[in-house]
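The values are calculated or read from the model by the stated rules, or taken from the named source; none is laboratory data. Worth saying up front: this structure is predicted, and the values here are computed from it rather than measured. Cβ sites come from the backbone with ideal geometry, for glycine too, and all protein chains shown count toward neighbours.
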Amino acid sequence: MVKLAGKFVKSVMPGVIKPIHVLWNEMIGFIFLVFAIIGWFNGYRYFRAMETDPDALGRFALTAVFALVMSYFAFTSFRKARKISKT
């Protein structure tokens, strides 16, 4: 009976784990994408405020770095999900 259960797990689990792994990467990519979009909008707001507010340059720089990093994470997460789904 244990041998039969082991065969079952070995044959079924890869078919279950792979879609869950793809879905996980897509969900994480979406969250990173939302953070990136929020960062880009705030970065645009700080960019527009640089004429009047001297502190806006630092805020803009930090927001731009944050948005770039989140965009990169979103891109790589979606790319990894696609790579997993193709194999």
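Close contacts from the stretch 5-16, counting a first residue that is closer than 19 Å to ILE84 by Cβ and a second that is of a type in the set (Lys, Arg), with Cβ to Cβ under 9 Å and a gap of 6+ residues or different chains, come to none at all.
If you go through the stretch 35-50 one residue at a time, do you hit one that is within 10 Å of the chain's Cα centre (by Cα), part of a helix (DSSP H, G or I) and among the charged types (D, E, K, R)? Walk me through it before giving the result.
Taking the stretch 35-50 first, the residues within 10 Å of the chain's Cα centre (by Cα) are 35-36.
Still in the list and also part of a helix (DSSP H, G or I): 35-36.
With among the charged types (D, E, K, R) added as a condition, the list becomes none.
Checked against the condition, which is being within 10 Å of the chain's Cα centre (by Cα), part of a helix (DSSP H, G or I) and among the charged types (D, E, K, R), the stretch 35-50 yields no hits at all.
Look at (1) of a type in the set (Phe, Trp, Tyr); (2) surrounded by 13 or more Cβ atoms within 10 Å (Cβ to Cβ); (3) modelled with pLDDT of 95 or more; (4) over 30 Å from PRO14 (Cβ atoms) and you find that PHE32 fails only one, number (4). Flag: ALA5 does not match the condition of being among the small types (Gly, Ala, Ser) and surrounded by 12 or more Cβ atoms within 10 Å (Cβ to Cβ).
The listed residues are ALA74, ALA56, and the only one of them that is out of contact with any Pro (no Cβ under 6 Å at 6 or more places or on another chain), hydrophobic (A, V, I, L, M, F, W, C) and closer than 20 Å to LEU23 by Cα turns out to be ALA74.
Please count how many residues of the stretch 22-69 are more than 30 Å from ILE84 (Cβ to Cβ) and not hydroxyl-bearing (Ser, Thr, Tyr). I'd like the intermediate steps shown before the answer.
Our first condition is that a residue be more than 30 Å from ILE84 (Cβ to Cβ); within the stretch 22-69, this holds for 41-64.
Remaining after also requiring not hydroxyl-bearing (Ser, Thr, Tyr): 41-43, 45, 47-51, 53-62, 64.
Residues flagged as more than 30 Å from ILE84 (Cβ to Cβ) and not hydroxyl-bearing (Ser, Thr, Tyr) within the stretch 22-69 amount to 20.
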